[in-house]
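Just below is one structure, and these are the notes that go with it.
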Amino acid sequence: MSKKNSYTDLMKKTVMDRQKHNMNYMQNLFIDMLLNEVLLSHSLEKINVRIDHALDTKDEALFQQLSSEKAKLTKRLGT
């Protein structure tokens, strides 16, 4: 005799599957946000080093360009 699931069992499984899918989605979203923040922060650090170098060498054009890039990155980072 084959075992058949009751309607209640099927509904429980459906709800559990949906919850598992939602949890996976949230974890993936969190990981994506974390990686984006790390990449943007690293890029911001690199630009800060380049800005310091431009100031040390008194390269005003490079300083202006890097300052503009820094402003864009800061806006994307939300800080």
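Nothing in this text is a laboratory measurement; each read-out follows from the coordinates by a stated rule. Bear in mind the structure is a predicted one, so any value in this text is a computation, not a measurement. Quick reminder, even Gly has a Cβ in these numbers, built from the backbone with ideal geometry, and neighbours come from all protein chains shown.
Couple of notes before you dig in:
- Annotation: of all residues in region 57-79 being part of a helix (DSSP H, G or I) and acidic (Asp, Glu), the one that is farthest from the chain's Cα centre (by Cα) is GLU60.
- Filter result for LEU10 (under 17 Å from the mean Cα position of the chain (by Cα) and either surrounded by 10 or more Cβ atoms within 10 Å (Cβ to Cβ) or assigned to a helix (DSSP H, G or I) (or both)): no
- Residue check, ASN36 surrounded by 10 or more Cβ atoms within 10 Å (Cβ to Cβ) and outside any helix (DSSP H, G or I): no
- Condition met for PHE30 (out of contact with any strand residue (DSSP E or B) (no Cβ under 7 Å at 6 or more places or on another chain), aromatic (Phe, Trp, Tyr), assigned to a helix (DSSP H, G or I) and surrounded by 13 or more Cβ atoms within 10 Å (Cβ to Cβ)): no
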